[in-house]
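Asks: Take a look at this one; I'll ask things after.
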Amino acid sequence: MLKTLSGFLLAVLLGASAVIAQDAQLRSLTSGQKYKIKGAVVAKDDDNSFVVRDTTGVDTRVVVGPEASIKTKGGFFGGGDRFASNQIVRGLYLEVEGRGDTTGNLSAQRFASTKTTLK
């Protein structure tokens, strides 16, 4: 009985420590390297920077450049409707392409999201 109780207590403590230690890691990107990240926006600093969490649970800080193309997916010949960077909100699932900058962030050149996620 004592072995069962201590085994159960150990399992609960290990499970609790795994949940507490599950804080998302912020990915540091290599400067100049191309990246393509799919994930959900989990935090927004301002209209020009936010954090995307991919399916593996790793966070990436994204900086919207002045030349960035922000569109919905689809349309004729891959074109889509444009939308402004202030329409990017927490919970929005999107695909971001760009290059790593000198601070370890992703300097985004292209954003794509489905029309249904923008509604």
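The values are calculated or read from the model by the stated rules, or taken from the named source; none is laboratory data. Since the structure is predicted, the reported quantities are computational estimates derived from the model, not experimental observations. All Cβ positions, even for glycine, are placed from backbone atoms using ideal geometry, and neighbour counts span all protein chains on display.
Asks: Can we say THR60 is over 14 Å from the mean Cα position of the chain (by Cα) and in contact (Cβ under 8 Å) with a residue 40 or more places away in the chain?
Replies: no
Asks: While we're looking at this one, here's another question. Out of (1) closer than 22 Å to SER113 by Cα; (2) at pLDDT below 90, what's the single condition that is false for ALA18?
Replies: Condition not satisfied by ALA18: (1).
Asks: Only one of these is at pLDDT 90 or above and among the acidic types (Asp, Glu): ASP23, ASP47, ASP59. Name it.
Replies: When all the criteria are applied, what remains is ASP59.
Asks: Report the residue count in region 32-48 for those that are more than 12 Å from GLY98 (Cβ to Cβ), of a type outside the set (D, E, K, R) and surrounded by fewer than 18 Cβ atoms within 10 Å (Cβ to Cβ). First the steps, then the outcome.
Replies: Kept after step one, since they are more than 12 Å from GLY98 (Cβ to Cβ), are these residues of region 32-48: 38-48.
Cutting the leftovers down to of a type outside the set (D, E, K, R) gives us 39-43, 48.
Adding the requirement that they be surrounded by fewer than 18 Cβ atoms within 10 Å (Cβ to Cβ) leaves 40, 42-43, 48.
Count: 4.
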